[in-house]
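Notes follow once the structure below has been shown.
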């Protein structure tokens, strides 16, 4: 059952230097209970896409076009009050930095209770405290009866992220958006938080959209992955396919530049040459072509035509290369 | 000794007083950021220092360059004691030890052109005339893969990766012997990280540089290290060649760190046994007695609470360079 359907999303920010086309024609579906990862580097549009789902793209000059259907209702057509009733109840969000996501002036118990009370007016103080205590316990905060009355600064980074997760899950949302939830944490704590997200998802049955730049995290907990580059989805595939037979040169480059634990010492790392393009002044045609090792084999087509997503094997890829070459990408630059 | 090791640390300690007022401060209120750390860096090789936040790895880097004074212990550069150097001697020593920082946005002065920033060490040390300096800066920019025509551009006109290249160029300006790189790729995108790591390796090969490479991530280190030191709460808990540390892992903390690295391979990710440590790193103000890792260690017993383990080769291990501080090493 489709929970979320994003159709032809465009997000443009007006700036003094020109229009920043952060997201261009992104479409995807998320089924109830499913875990989808959106992967990309900084500036790829992954966070802007996520923020659009809750209409969190602030700023004087933002233009959002397209449709975002949540249970069939278009989020972009809702009134401000309607969006507010969705935020935190149907769709909740976990942000990268748990310290800025929490209010330093309120106890963590208050902040969890507040998230519940907004959508359940009339709940008694006693019930709210029970709910906050229960949430803290579920996300693995030791001594919840003592910790409930403490302030964010009294918690470590990993504990704060647990509290942010507790707030996000207090209303059992249908969809949880996690925007780089472990990027600010140490590796051993990252492992704890990823386990917690997976476990909470199993309990609540929520769908999860995980935004990350880390392919390792993707492989650990998601089923499907969308790779974004310069505001577009360049590949969409099951996690198994994306890792074993990537069908876009950019995905291939990302996979090759992942530093794995078993590569040999002083082994040369493959890297993607150049830098991501400016979103104000995008290259013509395929936005990846200036950094792509395959672009010149297609006699200028990549410079002229923006490739559309199409079916390649079991995946969808936005690349002009013929299907047989896309399926053999990991073989090398032949 | 001085021939083999270009840089050596002996029993290095750094205790920071906590913020409490001096009058009320008891002698116990000290953050034991680095506690009794010793190692030697061989010429032309890379020592990686790995650990989580708060383990003292950055403090260690700053001690090695004597940006801060150690509480006790010494650092020697080619046999010369850096920690005892007078201000004048220190200025000369700084030619040989340079730093590369984590945040390429914060380490360059936004009001100086990139060329000016790269040339700053040359101006401080007065090693070249102004015209020769410009020439040298252009060479350096070329060397690290920046366009020398961008000499007059300002930091905000560059991407993160390019700024990190500029940070490396500045560190190379005085032809140092040792570079201390504190998480040089952590702030960069994945595809750019590999570019910078490859650049650092090329420079090491062509200029015979020695690196102390500080990282929080064991997978980044695998590619470039000749020696890996794992730190926990101010102490080295395991040190050795990467092959030893990664494949014959002896310390339970190293094991946990290795197993926590997300694997970019769904089939292997599903199959492996993961050690998830409970809890957080304890406060370095009041570290646990005995072994500092014991509060999170799956193997800890009574002995670990009373007796502090010493960094030693495992009994019977032929690889005496591989040392571990644990009562129950694997």
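The values are calculated or read from the model by the stated rules, or taken from the named source; none is laboratory data. Note that this is a predicted model, so its numbers are computed, not measured. FYI the Cβ positions are ideal-geometry reconstructions off the backbone, even for glycines, and counts take in every protein chain you see.
So if I check each of A:17, A:61, A:71, A:8, which one is at pLDDT below 95, away from every other protein chain (no Cβ under 14 Å) and farther than 21 Å from residue A:170 by Cβ? Full working, then the answer.
Working: A:17 fails: away from every other protein chain (no Cβ under 14 Å); A:71 fails: farther than 21 Å from residue A:170 by Cβ; A:8 fails: at pLDDT below 95.
A:61 is the lone residue from the list that is at pLDDT below 95, away from every other protein chain (no Cβ under 14 Å) and farther than 21 Å from residue A:170 by Cβ.
Answer yes if at least one residue in region B:215-232 is within 19 Å of residue B:168 (Cβ to Cβ) and in a strand (DSSP E or B), and no otherwise.
yes
Would you confirm whether or not region B:18-27 contains a residue that is outside any strand (DSSP E or B) and in contact with a strand residue (DSSP E or B) (Cβ under 7 Å, 6 or more places away or on another chain)? Even if it seems obvious, please write down each step before you answer.
Keep residues of region B:18-27 that are outside any strand (DSSP E or B), which gives B:18-27.
If we keep only those that are in contact with a strand residue (DSSP E or B) (Cβ under 7 Å, 6 or more places away or on another chain) as well, we get B:18, B:25.
Yes: one or more hits.
Quick check: anything in region A:180-192 buried (at least 23 other Cβ atoms within 10 Å of the Cβ), closer than 30 Å to residue A:85 by Cα and more than 12 Å from chain B (Cβ to nearest Cβ)?
Yes, region A:180-192 has at least one match.
When you scan region B:306-324, do you find a residue that is surrounded by 22 or more Cβ atoms within 10 Å (Cβ to Cβ), within 11 Å of another protein chain (Cβ to nearest Cβ) and closer than 21 Å to residue B:52 by Cα, even just one?
No, region B:306-324 contains no residue that is surrounded by 22 or more Cβ atoms within 10 Å (Cβ to Cβ), within 11 Å of another protein chain (Cβ to nearest Cβ) and closer than 21 Å to residue B:52 by Cα.
May I ask you to list pairs of residues, at least six apart or on different chains, whose Cβ atoms are under 8 Å apart, with the first in region A:40-69 being not assigned by TED's automatic domain parsing to the domain that holds residue A:30 and the second being in a loop (DSSP other than H, G, I, E, B)?
Sorted first by the residue in region A:40-69, then by its partner, the list stays empty.
If residue A:270 meets every condition in (1) within 27 Å of residue B:186 (Cα to Cα); (2) in a loop (DSSP other than H, G, I, E, B); (3) in contact (Cβ under 8 Å) with a residue 60 or more places away in the chain; (4) in contact with a helix residue (DSSP H, G or I) (Cβ under 9 Å, 6 or more places away or on another chain) apart from one, which number is that one?
Tallying (1) within 27 Å of residue B:186 (Cα to Cα); (2) in a loop (DSSP other than H, G, I, E, B); (3) in contact (Cβ under 8 Å) with a residue 60 or more places away in the chain; (4) in contact with a helix residue (DSSP H, G or I) (Cβ under 9 Å, 6 or more places away or on another chain), residue A:270 fails exactly one: (3).
Scanning region B:248-282 for residues that are in a loop (DSSP other than H, G, I, E, B) and more than 9 Å from chain A (Cβ to nearest Cβ), which turns out surrounded by the most Cβ atoms within 10 Å (Cβ to Cβ)? Reasoning before the result, please.
First pass over region B:248-282, keeping only residues in a loop (DSSP other than H, G, I, E, B): B:248-251, B:261-265, B:272-282.
Going one step further and asking which of them are more than 9 Å from chain A (Cβ to nearest Cβ), we end up with B:248-251, B:272-273, B:282.
On the way: B:248: 16, B:249: 22, B:250: 22, B:251: 27, B:272: 11, B:273: 5, B:282: 17.
Going through the qualifying residues, I end up with B:251.
Does region A:162-170 include one or more residues that are within 11 Å of another protein chain (Cβ to nearest Cβ), crowded, with 24+ Cβ neighbours inside 10 Å and either in contact with a helix residue (DSSP H, G or I) (Cβ under 6 Å, 6 or more places away or on another chain) or over 22 Å from residue B:277 (Cα atoms) (or both)?
No - not one qualifying residue is present in region A:162-170.
Being touching a residue at least 40 places away in the same chain (Cβ under 8 Å), part of a loop (DSSP other than H, G, I, E, B) and within 14 Å of chain A (Cβ to nearest Cβ) is the filter; apply it to region B:138-166 and report the residue that is surrounded by the most Cβ atoms within 10 Å (Cβ to Cβ).
B:158
Take residue A:132 and tell me if it is surrounded by 20 or more Cβ atoms within 10 Å (Cβ to Cβ), more than 14 Å from chain B (Cβ to nearest Cβ) and within 16 Å of residue A:101 (Cβ to Cβ).
Working: surrounded by 20 or more Cβ atoms within 10 Å (Cβ to Cβ): yes; more than 14 Å from chain B (Cβ to nearest Cβ): yes; within 16 Å of residue A:101 (Cβ to Cβ): no.
The answer is no for residue A:132.
Would you confirm whether any residue within region B:202-214 is at the interface with chain A (Cβ under 10 Å from one of its Cβ atoms), modelled with pLDDT under 95 and under 17 Å from residue B:108 (Cα atoms)?
Checked against the condition, which is being at the interface with chain A (Cβ under 10 Å from one of its Cβ atoms), modelled with pLDDT under 95 and under 17 Å from residue B:108 (Cα atoms), region B:202-214 yields no hits at all.
Counting only residues that are out of contact with any strand residue (DSSP E or B) (no Cβ under 6 Å at 6 or more places or on another chain) and part of a loop (DSSP other than H, G, I, E, B), which one in region B:184-208 is surrounded by the most Cβ atoms within 10 Å (Cβ to Cβ)? Before the answer, list the steps.
Within region B:184-208, the subset out of contact with any strand residue (DSSP E or B) (no Cβ under 6 Å at 6 or more places or on another chain) is B:185-208.
If we keep only those that are part of a loop (DSSP other than H, G, I, E, B) too, we end up with B:185-189, B:208.
Details: B:185: 26, B:186: 14, B:187: 19, B:188: 23, B:189: 23, B:208: 11.
Only one residue fits best here, namely B:185.
Looking only at residues that are part of a loop (DSSP other than H, G, I, E, B) and within 11 Å of chain B (Cβ to nearest Cβ) in region A:193-241, which one is surrounded by the fewest Cβ atoms within 10 Å (Cβ to Cβ)? Write out each step before concluding.
Start the filter on region A:193-241 by keeping residues that are part of a loop (DSSP other than H, G, I, E, B), which leaves A:205-206, A:213-214, A:222-223, A:230-231.
Next, from what is left, pick out any that are within 11 Å of chain B (Cβ to nearest Cβ): A:213-214, A:222-223.
On the way: A:213: 18, A:214: 19, A:222: 23, A:223: 15.
The extreme case among them is A:223.
Given the structure, is residue B:226 within 28 Å of residue A:184 (Cβ to Cβ), touching a strand residue (DSSP E or B) at 6+ places or on another chain (Cβ under 6 Å) and more than 7 Å from chain A (Cβ to nearest Cβ)? Outline the logic, then answer.
Working: within 28 Å of residue A:184 (Cβ to Cβ): no; touching a strand residue (DSSP E or B) at 6+ places or on another chain (Cβ under 6 Å): yes; more than 7 Å from chain A (Cβ to nearest Cβ): yes.
No; evaluated as a whole, the condition is false for this residue.
Specify the residue that is nearest to the chain's Cα centre (by Cα); the eligible residues are those in region A:25-40 that are farther than 25 Å from residue A:202 by Cβ and crowded, with 21+ Cβ neighbours inside 10 Å.
First pass over region A:25-40, keeping only residues farther than 25 Å from residue A:202 by Cβ: A:25-27, A:40.
Going one step further and asking which of them are crowded, with 21+ Cβ neighbours inside 10 Å, we end up with A:26, A:40.
Details: A:26: 13, A:40: 9 Å.
In this case the residue turns out to be A:40.
For region B:283-314, name all the residues that are in contact (Cβ under 8 Å) with a residue 12 or more places away in the chain and not in a loop (DSSP other than H, G, I, E, B).
B:295, B:296, B:303, B:304, B:305, B:306, B:312
Only one of (1) surrounded by fewer than 19 Cβ atoms within 10 Å (Cβ to Cβ); (2) within 8 Å of another protein chain (Cβ to nearest Cβ) is not met by residue A:277, so which one is it?
(2)
If you check A:251, A:297, A:247, which single one turns out to be at negative phi, in contact with a strand residue (DSSP E or B) (Cβ under 9 Å, 6 or more places away or on another chain) and assigned to a helix (DSSP H, G or I)? Quick ask: steps written out before the conclusion?
Values: A:297 fails: in contact with a strand residue (DSSP E or B) (Cβ under 9 Å, 6 or more places away or on another chain); A:247 fails: assigned to a helix (DSSP H, G or I).
Exactly one of A:251, A:297, A:247 is at negative phi, in contact with a strand residue (DSSP E or B) (Cβ under 9 Å, 6 or more places away or on another chain) and assigned to a helix (DSSP H, G or I), namely A:251.
Kindly state which strands (runs of 3 or more DSSP E) lie completely within region A:1-82 and contain at least 1 residues that are under 16 Å from residue A:210 (Cβ atoms). Explain how you work it out, then say what you get.
Numbers: elements: A:2-15, A:18-31, A:35-39, A:62-70.
Because the criterion is at least 1 residues that are under 16 Å from residue A:210 (Cβ atoms), the strands (runs of 3 or more DSSP E) in region A:1-82 that meet it are A:2-15, A:18-31, A:35-39.
Would you be able to say whether some residue in region A:141-153 is exposed (fewer than 15 other Cβ atoms within 10 Å of the Cβ), closer than 26 Å to residue A:218 by Cα and more than 14 Å from every other protein chain (Cβ to nearest Cβ)? Let's see the steps before the verdict.
We begin by selecting, within region A:141-153, every residue exposed (fewer than 15 other Cβ atoms within 10 Å of the Cβ); these are A:142-143, A:145-146, A:149, A:153.
Then keep just the ones that are closer than 26 Å to residue A:218 by Cα; that gives none.
For region A:141-153, residues exposed (fewer than 15 other Cβ atoms within 10 Å of the Cβ), closer than 26 Å to residue A:218 by Cα and more than 14 Å from every other protein chain (Cβ to nearest Cβ): absent.
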